[in-house]
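The values are calculated or read from the model by the stated rules, or taken from the named source; none is laboratory data. Since the structure is predicted, the reported quantities are computational estimates derived from the model, not experimental observations. Because the Cβ atoms are built from the backbone with ideal geometry, glycine has one as well, and the counts that use them run over all protein chains shown.
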Amino acid sequence: MVKFGINLNKTTELHFFEFISLMNDLHKTSFRNVVDLKMLKTKDLKNYSKEQTAEILKQKRKFAIKQVIEKKYADSQKQTIDYFDNLVGMNKE
């Protein structure tokens, strides 16, 4: 709401793809910083100093999801989830 002036609780005409586009345009926001932090892979930490790596790992623990619920999905559901993940840049490597 702050960045785009859109109240998602009251908006009924926002297409899903427009929503995803807006989500991907949240650069330099706290939300995007946390998403980027959570997406950072351990193998990518080699590019940082020892102190920076320690701070990154500390922040990753702070924002970690504590409980993972294992769900079983049909193949068609998995494909849809993978498609969505690719749309929002969360594709698994």
Considering segment 28-62, residues that are among the hydroxyl-bearing types (Ser, Thr, Tyr) and either touching a Cys at 6+ places or on another chain (Cβ under 9 Å) or in a helix (DSSP H, G or I) (or both), and then whichever is nearest to Ile6 (Cα to Cα), we arrive at Ser30
Original post:
Quick one: would you say Ile65 is part of a helix (DSSP H, G or I), more than 12 Å from the chain's Cα centre (by Cα), aliphatic (A, V, I, L, M) and under 29 Å from Met1 (Cα atoms)?
Top reply: no
Being at pLDDT below 90, basic (Lys, Arg) and loosely packed, with under 12 Cβ neighbours inside 10 Å narrows Lys58, Lys50, Lys46, Lys66 down to just Lys66
Scanning segment 1-27 residue by residue, those within 19 Å of Met90 (Cβ to Cβ) and not in a helix (DSSP H, G or I) turn out to be Asp25, Leu26, His27
Residue check, Val88 modelled with pLDDT under 90, β-branched (Val, Ile, Thr) and surrounded by fewer than 10 Cβ atoms within 10 Å (Cβ to Cβ)
no
